[in-house]
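Asks: Mind looking over this structure? Questions follow.
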Amino acid sequence: MEATFYYAGLPSRPLLVARTGTPWEAPRGPEAYPVRKELRPVGNHPLADVWEDNLALKLHALLDSMDVEWTSTDVVRIGLADEPSAPAPVILWIGVFPKSLSGDDGVAVAYKCRELLVEFDIIDVDVELRESVATRSARSVEAGPKLLRSDWSDSIADVREPLTTTLGLPICAQATPWAEGTGGFFVAEGEGGNTERLLLVTARHVLFPPDKNKNELFERTNDSQPRYNVSLFSDVAFNTYLKSIKATIEDKVFLTQHYERCIRAVEGKDNPEANRERQKAQAKLDEAQEATEKLDAFYQDVSTRWAAPESRVLGHVVLSPPISVGSSSEGEGYTEDWAVIEIDTSKVDASNFSGNAIDLGTRIPLDKFTFMMCPNDPWGALSFTYPFDRLLRLTGTIPDDEMRHPTTALDQNDQPCLMVLKRGSGSDLTVGRSNSSCSYVRIYYNDDDDAELFTSKEWAILPRKSECGPFSENGDSGSVIVDGCGRIGGLLTGGTGCPSSDPRPDITYATPIDFIFKCLQEHGLYDFHVNSVLAA
């Protein structure tokens, strides 16, 4: 019972294998419910000072010596969801392959890891092992019309958004349409701000699924080489998009009928209250009818001009090194998992390009979204100001040191924390909390019966709150993660969770942007800039 309910409240509800600490108390009584838990950033704690220096390496060596098939090591606080102000203990959280470790053996492993913590004078941290798998977050599932320009004043702006040049584009390789992800961020190549070509950075595994492609360098250096095309939407995703437009039209038709009934209800009445109700209903009716007309025309345009796969070709891959760990010259230990797409000028030019900007949309009201980004300072505008046109423009990067030692904001638990956001094709717009302690993922490669093991360091993003769900889902790989000031933090690559319970990850993993920029330069992309402007 403890194994099943111990992590109630977490997105994937992983199974507990073993742990140190006090005995668990099962819920009792006829209306007893499991206590819901949530993940929180570590913040200030002595463990953070020794984690990356040496402790993590010794922990991994210890796990390997005990033949533990571990998948990730995370340092988090795990608190009670219904008691956000109560202190949450720091936990060394170890993921293991499902059914690979018995409870008895797990207890022995947990206490051995606890002894290692004590060797580093860490005496207030418990160890917990759960069944969990680290996964990449791709989703299995010629010149056409140009992308649309973002228009915040348009009454159907949210419906148009997937076809605009704002970040979060749903993409897939034309050769592997069942693997879908997200376009991350644009870089313009050219000296002195002159744009020679517009490039889009995303995760390699979105475009070259590891189970279908050789893990080798892809580079297109001249026009005589065949193109490896990248599409906006797969056929399945495109049809889903069309259905969503139809559903929105039906909603507007329902509202039209409702407001017509409201007007008939006050027909023949001539008093101030009836006149006010008539005017309000008429204004809403006009708005719904206008939106319905626009949506009908938009649906017809999209279903005809964008239906052919060739019309949705966004560009082609020009560079993607093999997925590797610690390959950078400085050996940071992060996974190199990126690809660069050259955008066709037939799709994006100066007339429709919005620059690197995330459309915050209309699904989350601006006051609520501001509170989500600034839970302890909603009106102080220290770390986020809602843009008037809903476009959060990207500018600058988050330094690695600030990721580990945030100082500009506090989360809802009064802990130093970077609040971050992303817009992906899997879970749309979400807000999360950057963890100040990095995580480690064990990667198992099997090539012709020769198993290779790699350990990758990851920037970890936690859900904003327990009831908000995960920060990412399948299909979000390649999304850019930014803070409220628009500073780029990294590229989303995957997460860890218990897929047998729920495919959504408990923790999202990303690669820091400084590492990605170094990799781009080491592969010959020297003159690129993020503040992209296209000449008319």
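Asks: Open to solvent by 80 Å² or more (accessible area, probe 1.4 Å) and modelled with pLDDT of 90 or more, is that true of ASP67?
Replies: Spelling it out, ASP67 is indeed open to solvent by 80 Å² or more (accessible area, probe 1.4 Å) and modelled with pLDDT of 90 or more.
Asks: Can you run down the residue pairs with Cβ atoms below 8 Å, 6 or more apart or on separate chains, where the first is in region 287-301 and assigned to a helix (DSSP H, G or I) and the partner is polar (S, T, N, Q) and open to solvent by 50 Å² or more (accessible area, probe 1.4 Å)?
Replies: These pairs meet every condition: GLU287/SER155; GLU290/SER155; ALA291/SER155; LYS294/SER155.
Asks: Looking at this structure, is PHE254 in contact with a strand residue (DSSP E or B) (Cβ under 9 Å, 6 or more places away or on another chain) and not polar (S, T, N, Q)?
Replies: Taking the combined requirement at face value, the residue does not satisfy it.
Asks: Residue under question is PRO84, and the condition is that it be modelled with pLDDT under 90 and surrounded by 15 or more Cβ atoms within 10 Å (Cβ to Cβ); does it hold?
Replies: yes
Asks: Here are some residues: PRO387, PRO365. Which one is more than 30 Å from SER437 (Cα to Cα), open to solvent by 50 Å² or more (accessible area, probe 1.4 Å) and not aromatic (Phe, Trp, Tyr)?
Replies: PRO365
Asks: Quick one: count up the residues across region 151-210 that are in a loop (DSSP other than H, G, I, E, B) and under 17 Å from the mean Cα position of the chain (by Cα).
Replies: Count: 7.
Asks: Pairs under 9 Å by beta carbon, first residue within 20 Å of GLY524 (Cα to Cα) in region 214-240, partner hydroxyl-bearing (Ser, Thr, Tyr) and open to solvent by less than 30 Å² (accessible area, probe 1.4 Å), six or more apart or different chains?
Replies: As it stands, the answer is LEU217/SER320; PHE218/SER320; GLU219/SER320; TYR228/SER320, since those pairs meet every condition given.
Asks: Another question about this same structure. Exactly one condition in (1) modelled with pLDDT of 90 or more; (2) surrounded by fewer than 23 Cβ atoms within 10 Å (Cβ to Cβ); (3) closer than 30 Å to SER153 by Cα is false for CYS468; which is it?
Replies: With (1) modelled with pLDDT of 90 or more; (2) surrounded by fewer than 23 Cβ atoms within 10 Å (Cβ to Cβ); (3) closer than 30 Å to SER153 by Cα applied to CYS468, the lone miss is (1).
Asks: Please go through region 57-85 and pick out each residue that is closer than 23 Å to GLY103 by Cα, of a type in the set (A, V, I, L, M, F, W, C) and in contact with a helix residue (DSSP H, G or I) (Cβ under 9 Å, 6 or more places away or on another chain).
Replies: Selection gives LEU59, LEU62, LEU63, MET66, VAL68, TRP70, VAL75.
Asks: Every residue in region 173-190 that is open to solvent by 10 Å² or more (accessible area, probe 1.4 Å) and over 19 Å from PRO309 (Cβ atoms), please.
Replies: The answer is GLU189, and nothing else.
Asks: Would it be correct to say that SER456 is surrounded by 21 or more Cβ atoms within 10 Å (Cβ to Cβ), modelled with pLDDT under 95 and not basic (Lys, Arg)?
Replies: Here the answer is yes, as SER456 does meet what is asked.
Asks: Additional query: Of the numbered conditions (1) open to solvent by less than 10 Å² (accessible area, probe 1.4 Å); (2) in a strand (DSSP E or B), ILE443 fails exactly one; give the number of that condition.
Replies: Answer for ILE443: the failing condition is (1).
Asks: If you don't mind, there's one more thing I want to ask. When residues of region 30-61 are filtered for being surrounded by fewer than 16 Cβ atoms within 10 Å (Cβ to Cβ) and farther than 30 Å from GLN412 by Cα, how many remain?
Replies: Here the count works out to 5.
Asks: Here's something else I'd like to know. What residue, among those in region 459-477 that are in a loop (DSSP other than H, G, I, E, B) and more than 8 Å from the chain's Cα centre (by Cα), is farthest from ALA173 (Cα to Cα)?
Replies: Only one residue tops the list, namely LYS465.
Asks: Next question. Among the numbered criteria (1) surrounded by fewer than 23 Cβ atoms within 10 Å (Cβ to Cβ); (2) at pLDDT 90 or above, which single criterion is violated by TRP379?
Replies: Evaluating TRP379 over (1) surrounded by fewer than 23 Cβ atoms within 10 Å (Cβ to Cβ); (2) at pLDDT 90 or above leaves (2) as the failure.
Asks: Another question, then. When you scan region 122-138, do you find a residue that is open to solvent by less than 10 Å² (accessible area, probe 1.4 Å), among the polar types (S, T, N, Q) and within 30 Å of the chain's Cα centre (by Cα), even just one?
Replies: There is at least one residue in region 122-138 that is open to solvent by less than 10 Å² (accessible area, probe 1.4 Å), among the polar types (S, T, N, Q) and within 30 Å of the chain's Cα centre (by Cα).
Asks: Are there any strands (runs of 3 or more DSSP E) wholly within region 343-436 with 2 or more residues that are touching a helix residue (DSSP H, G or I) at 6+ places or on another chain (Cβ under 9 Å) and closer than 22 Å to ASP74 by Cβ, and if so which?
Replies: 418-424, 428-434
Asks: Considering only residues that are assigned to a helix (DSSP H, G or I) and in contact with a Ser or Thr (Cβ under 9 Å, 6 or more places away or on another chain), which ones fall in region 482-536?
Replies: Across region 482-536, the qualifying residues are ILE513, ASP514, PHE515, PHE517, LYS518, CYS519, GLU522.
Asks: Okay, next question. Within the group LEU59, LEU15, which residue is in contact with a Cys (Cβ under 9 Å, 6 or more places away or on another chain), modelled with pLDDT under 95 and aliphatic (A, V, I, L, M)?
Replies: Of the residues listed, the single one that is in contact with a Cys (Cβ under 9 Å, 6 or more places away or on another chain), modelled with pLDDT under 95 and aliphatic (A, V, I, L, M) is LEU15.
Asks: When the residues of region 223-277 are narrowed to those that are of a type in the set (A, V, I, L, M, F, W, C) and more than 27 Å from GLU293 (Cβ to Cβ), which ends up most open to solvent (accessible area, probe 1.4 Å)?
Replies: Applying the filter and picking the extreme gives VAL236.
The values are calculated or read from the model by the stated rules, or taken from the named source; none is laboratory data. In this text, all values refer to a predicted model and were calculated from it rather than measured experimentally. Cβ coordinates were reconstructed from backbone atoms using ideal geometry, including for glycine residues, and neighbour counts include every protein chain displayed. Side chains included, ligands, DNA and RNA excluded: accessible areas come from the protein's heavy atoms. Shrake-Rupley method; radii C 1.70, N 1.55, O 1.52, S 1.80 Å.
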